[in-house]
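Single-structure report; data block below.
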Amino acid sequence: MLLPFFSYGALTQPPATWGNNTLWLTLAALGLVCTALAYILYFRLIADIGPVKSLTVTFLIPPFGVLWGAFFLHEDITLAHLMGGTLIGVAVWLVLRPEKPRLA
């Protein structure tokens, strides 16, 4: 879907360099292997614990994004980040906690 936009951008404002073959092979391998591995793990997770609990994995993306930004880019972690991460952690716990046996 992005091919028309990429083509237009490449024709009107080509980059200074397109890199070498090693760069393109590395990007292709990284994209294909990581995507394929992620899909295999995710669908295995759906089969093992069900779709609702599997979706909780997506809740964890923002806190980990903040953590990677703090570790690698030296970004500040504010109180809002901590409160949001706590809220996400509680939501994940509520979804994943074991069910209590129901009384008849």
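The values are calculated or read from the model by the stated rules, or taken from the named source; none is laboratory data. A quick note: this is a predicted structure, and the numbers were derived from the prediction, not measured. Cβ atoms come from the backbone with ideal geometry, glycine included; neighbour counts cover every protein chain shown.
Observations
- Neighbours by Cβ (under 7 Å, 6+ apart or cross-chain): first from the stretch 75-100, farther than 15 Å from residue 49 by Cα and modelled with pLDDT under 95; second surrounded by 10 or more Cβ atoms within 10 Å (Cβ to Cβ) and among the aromatic types (Phe, Trp, Tyr): 88/59; 91/59
- The criterion of being of a type outside the set (Asp, Glu), more than 17 Å from the chain's Cα centre (by Cα) and surrounded by fewer than 12 Cβ atoms within 10 Å (Cβ to Cβ) holds for residue 10.
- Given (1) of a type in the set (Phe, Trp, Tyr); (2) loosely packed, with under 11 Cβ neighbours inside 10 Å; (3) at pLDDT 90 or above, number of the condition residue 39 does not satisfy: (3)
- Of the residues making up the stretch 44-62, those that are assigned to a helix (DSSP H, G or I) and closer than 17 Å to residue 94 by Cα number 9.
- When residues of the stretch 42-68 are limited to those that are among the charged types (D, E, K, R) and surrounded by 10 or more Cβ atoms within 10 Å (Cβ to Cβ), the one modelled with the highest pLDDT: 44
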